[in-house]
Every structure is written in C-alpha cells, then in structure tokens.
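Only the coordinates and a few stated rules stand behind these numbers; no lab work does. This one's a predicted model, so the numbers in the text were calculated from it and none came from an experiment. Positions of Cβ are backbone-derived with ideal geometry, glycine not excepted, and every protein chain shown enters the neighbour counts.
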C-alpha cells in the first residue's frame, strides 16, 4: 500500500494506516561482528544491543544508513522483512505473534504491507525468534529478558493463540 503520509517510523506508520504502534513490524539491521542481522520487532519494543550480543555470541552494533542501504537495497524507514540484496540471519520479535495481522515496510518510507505473523515467519525462513521489551515510559512493567524459540515452537504458539480468537 503506497501512502502519501510518511511511514518511516513505527509511530508514523501506525498513524498513517490506522493501527497500533505495536502492530508495526519494524525491520532493524545490526552487525554481529561483520555479519548483518535483521531484527523484525514490534514497533513498541526496543532492542538491547547487550542482550542481542549475548544471544548471538558476538559484539553487535547498529548499521548506519549507508550500510543498511548496501546490505538490504532499501533506505532506512522502508526496509521490508524480505527481498534484501544480501542474505542475513533474521530474528523476529515473538510479541508480533499475538496479533491477527501486522504491518511491515514495503521498500520505501511511504509504503507498507499487511501480513499474518505466521506468514511473516514463513517468508523470512525464520530459524529462531527473539523477544525483548524495554520498559514502556510511564509503565511499571519490568523489562523482559531475551528468549529464543524455534520455528516449530512458534507454529505451536500460533496455533494455540489463534484457536481462542
């Protein structure tokens, strides 16, 4: 879906399409050592570099705008979860699985597409999922720890949660 409004940030995307920030699947590129890693996270969740580094077993840093464009072929604010120039490991925030649909960037800071979370996992050829939520400002909710699930566990989780909807 091409929009006149900017969808560069999670908040802008949510406002432009009329959904919650939590249902925005933001694509963030990191460098684990010299290897790129794509983290697809709920728009409300932050990523702890320290926790991500511990999980991956190597130092992690954010890719700058030029690196993101070189690695993915897309500008920051428009990086989709698939179709990148370079292959990379993909980690998906399991918080996205609680929604019947999520929205992701579609190649430009003015384009998004809707997808079912289980399909997002399938198209990214996901091997593991990560989850980490920073404390929400004004909330007393504690920071959760980084955990990993296999694709098979996600399938079970998806089936269990969708049965009650």
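Less than 16 Å from a label point 7 Å out along the Cα-to-Cβ axis of residue 119: which backbone N atoms in region 14-32 qualify, by residue? It comes to 24-25, nothing else. Let me make sure I get this right: for region 11-64, a, b and c are the square roots of the gyration tensor eigenvalues over alpha carbons, sorted descending. Under 1.5 in a/c it's rounded, otherwise prolate if a/b > b/c, else oblate. Which is it? Because a/c hits 1.5 or more and a/b exceeds b/c, region 11-64 counts as prolate.
Using the Cα gyration tensor of region 38-114, with a ≥ b ≥ c the square roots of its eigenvalues, what is the shape: rounded (a/c below 1.5), prolate (a/b larger than b/c) or oblate (neither)?
oblate
Under the simplified labelling scheme, the residue 6-residue 20 pair shows an inter-label distance of 2.5 nm, with each label point 7 Å from Cα along Cα→Cβ. Each of 71, 17 was scored by other Cβ atoms within 10 Å of its Cβ. Arranged with the fewest first, they read 17, 71. Over region 41-113, Cα pairs under 8 Å with separation of 6+ residues give a relative contact order of 29 percent.
Taking only C-alpha pairs under 8 Å that are 6+ residues apart, what is the relative contact order of region 1-66 in percent?
Values: 86 pairs, mean separation 16.8, N = 66.
Reported as a whole number, the value is 25 percent.
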